[in-house]
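Enquirer: This structure is in structure tokens; I'll ask about it shortly.
The values are calculated or read from the model by the stated rules, or taken from the named source; none is laboratory data. A quick note: this is a predicted structure, and the numbers were derived from the prediction, not measured. So basically every Cβ, Gly included, is an ideal-geometry build from the backbone, and we count neighbours across all protein chains shown.
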Amino acid sequence: MRATLGTAREEMKEGVVKRGMTKQMFMEMKLADAVVEGEGFDLIAMGRPEGAGCYCAANHLLSMYLARLIDNYPYMVMDNEAGMEHISRLTTNNVDVLLIVSDPSIRGIDAAGRINTLVDELKVRAVKRFLIVNQARDGLAGSLQQAIVEQGLNLAGTMPKDDLLYEFDMNGNPIVTVPDDNPALCAAFEIFDKVIEGD
């Protein structure tokens, strides 16, 4: 099984470190093992911790080594799981563009607003922040548009609900093979242009 940063954190937490190797050396070695090199991009799988307890030291090392990797790439994309843990633990703490993704519901927009507020409270450096609403049907209802304004969120765009993406997901097909004229893909490129090239 391919090494992940989650398994590296777990091994470090359990003290599975080779004799004469510091935690920093161990994590650096594991980080190198976790990088999967592809054509035009590389990928690091975070994985997940297995046990209970505090992961503060491991998260600190993770942040430190991810910061080192930034200089090796023109762009680095970090796809975090849903929730506020990566913000509150400062694993994600120095970004040029922060994308907050919500479903088209008031609860989702409220949660996005809480993440946005947490970024301010923890003084996380995020040069630009945008909201993306996923799985939208026929645009956004007036109540959602109002909630977005009330939460002080900057809407980059919406991703339409797409049956083809659902089919791809159910069959395990790679999303990169979606046809170029797919509505969700076209919407993603429109959002990308706004986020990267400016408002």
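Enquirer: Across segment 140-149, what is the total count of residues that are in contact (Cβ under 8 Å) with a residue 12 or more places away in the chain and surrounded by fewer than 18 Cβ atoms within 10 Å (Cβ to Cβ)?
Expert: Counting residues in segment 140-149 that are in contact (Cβ under 8 Å) with a residue 12 or more places away in the chain and surrounded by fewer than 18 Cβ atoms within 10 Å (Cβ to Cβ) gives 3.
Enquirer: Report whether or not residue 77 is part of a strand (DSSP E or B), within 13 Å of the chain's Cα centre (by Cα), modelled with pLDDT under 90 and surrounded by fewer than 15 Cβ atoms within 10 Å (Cβ to Cβ).
Expert: no
Enquirer: Of the conditions (1) of a type in the set (Val, Ile, Thr); (2) touching a helix residue (DSSP H, G or I) at 6+ places or on another chain (Cβ under 9 Å); (3) at pLDDT 70 or above, residue 17 fails just one. Which one is it?
Expert: (3)
Enquirer: Okay, next question. Tell me the residue from 114, 107, 129, 137 that is within 20 Å of residue 82 (Cα to Cα) and loosely packed, with under 11 Cβ neighbours inside 10 Å, please.
Expert: Values: 114 fails: loosely packed, with under 11 Cβ neighbours inside 10 Å; 129 fails: loosely packed, with under 11 Cβ neighbours inside 10 Å; 137 fails: within 20 Å of residue 82 (Cα to Cα).
That would be 107, the only listed residue that is within 20 Å of residue 82 (Cα to Cα) and loosely packed, with under 11 Cβ neighbours inside 10 Å.
Enquirer: Among the residues of segment 160-171, is there at least one that is loosely packed, with under 10 Cβ neighbours inside 10 Å, under 21 Å from residue 82 (Cα atoms) and modelled with pLDDT of 90 or more?
Expert: yes
Enquirer: Also, I was wondering about something else. Show the residue pairs that are 6+ apart or on different chains and have beta-carbon atoms under 6 Å apart, the first residue being within segment 21-38 and surrounded by 13 or more Cβ atoms within 10 Å (Cβ to Cβ), the second being of a type in the set (Asp, Glu).
Expert: Close Cβ pairs satisfying both conditions: 35/42.
Enquirer: Being aliphatic (A, V, I, L, M) and over 21 Å from the mean Cα position of the chain (by Cα) is the filter here; which residues of segment 146-177 pass it?
Expert: Selection gives 147, 149, 164, 170.
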